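The values are calculated or read from the model by the stated rules, or taken from the named source; none is laboratory data. Just so we're clear, the structure is a prediction, and the values are computed from it rather than from any experiment. Quick reminder, even Gly has a Cβ in these numbers, built from the backbone with ideal geometry, and neighbours come from all protein chains shown.
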Amino acid sequence: MLLNTLIVLACLALGIGLFAGLGLYRAHRENARIIRSQVIADASVTVDLSPETYADLPDPVRRYFDYAFNGRKSISLRGVEWNQGGDFKLPVVGKFRADGRQVSHPNKPVYAFTGWFWRYGLPLIESRDAFFVDDHDMRAKLLGWMKVMHTDYQSPEQINSLYSYLVLRYYGQAPLMPWALLPNDFVAWQANDETSAYLRITHDDLEGAYLVGFGSDGEIVSMNGDRLLMEGNEAMQREVGLKSEYREIGGFMVPTRLEYRWYDKSDVLISHFQSEISDIRILR
């Protein structure tokens, strides 16, 4: 009797494992197709990194680019990829482990984050958060099969507000690919003082900003939202982002530890994410 029970349990566990494995494999193939067709640039983009390209910017911003570019004068690439793992703390579900991979376009706010949220030692939730400047595809599935979350915003106000936040998110991670912070159609810098500057980001008719703080070596150490940001889910939040543990990777100085804190309108901490960045790769 006991032997039969063990056999049944073993078969059940094997079935669940195969079911989950197939679901995660299907999701992986779909994510790879989206990244290949919509995120990575069709051809290599060449970015001029010479000091003349940022000579007119505020002093702390110029020092940052001198530090981050590390003597490089140009770079050609189709995208940037990195692995990210850390701990999320949310008010409803508590603390859980999140591991994932992000691929970003080299110089415009287009990216795809694919990840796994771990509970009870299992990758229970597979997720994708992909943004393409004027379109967004975010969804999460239980074991890669059952949809538990999907973007479904109806009003233009919600959609525009969400897209504005996602553009900010791309640039909030840009110290991992510092050339993306050079002035462009989305980015402008404004002086503040000797140790900080405003990063102004425009998307359509909406504008957001980070107050960027710089360290003694010129590195970016903090990027704080200077206003409450609507994330498209009717929740107003202010973001505080910390960057640390800089290392030379691929010839550039980039942070390998990121920490984010989100506060509500009353300045109460409502969620927290701290993560380690590894395996940063320049895609050519």
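For the reader, a short list of remarks on this structure follows.
- Residue 197 surrounded by fewer than 20 Cβ atoms within 10 Å (Cβ to Cβ) and either part of a loop (DSSP other than H, G, I, E, B) or modelled with pLDDT of 75 or more (or both): no
- Residue count for the range 228-265, restricted to those that are at pLDDT below 85 and among the aliphatic types (A, V, I, L, M): 5
- Criterion violated by residue 55 - all others in (1) buried (at least 19 other Cβ atoms within 10 Å of the Cβ); (2) in contact with a helix residue (DSSP H, G or I) (Cβ under 9 Å, 6 or more places away or on another chain) satisfied: (1)
- When residue 278 is tested against (1) in contact with a strand residue (DSSP E or B) (Cβ under 6 Å, 6 or more places away or on another chain); (2) surrounded by 14 or more Cβ atoms within 10 Å (Cβ to Cβ); (3) closer than 19 Å to residue 100 by Cα, only condition (2) is not met.
- Top-ranked residue in the range 205-227 [being in a loop (DSSP other than H, G, I, E, B) and at pLDDT 95 or above; ranked as nearest to the chain's Cα centre (by Cα)]: 219
- Residues satisfying the stated conditions in the range 265-284, i.e. assigned to a strand (DSSP E or B) and not β-branched (Val, Ile, Thr): 269, 271, 272, 273, 274, 275, 276, 278, 279, 281, 283
- Under the condition of being buried (at least 20 other Cβ atoms within 10 Å of the Cβ) and not hydrophobic (A, V, I, L, M, F, W, C), the residues counted in the range 59-70 number 2.
- Test: residue in the range 149-166 that is surrounded by 16 or more Cβ atoms within 10 Å (Cβ to Cβ), modelled with pLDDT of 70 or more and part of a strand (DSSP E or B): no
- For the range 20-32, the condition of being over 16 Å from residue 128 (Cβ atoms), surrounded by fewer than 18 Cβ atoms within 10 Å (Cβ to Cβ), aliphatic (A, V, I, L, M) and modelled with pLDDT under 65 holds for at least one residue.
- Within the range 71-90, not a single residue is surrounded by 14 or more Cβ atoms within 10 Å (Cβ to Cβ), of a type in the set (Ser, Thr, Tyr) and touching a residue at least 24 places away in the same chain (Cβ under 8 Å).
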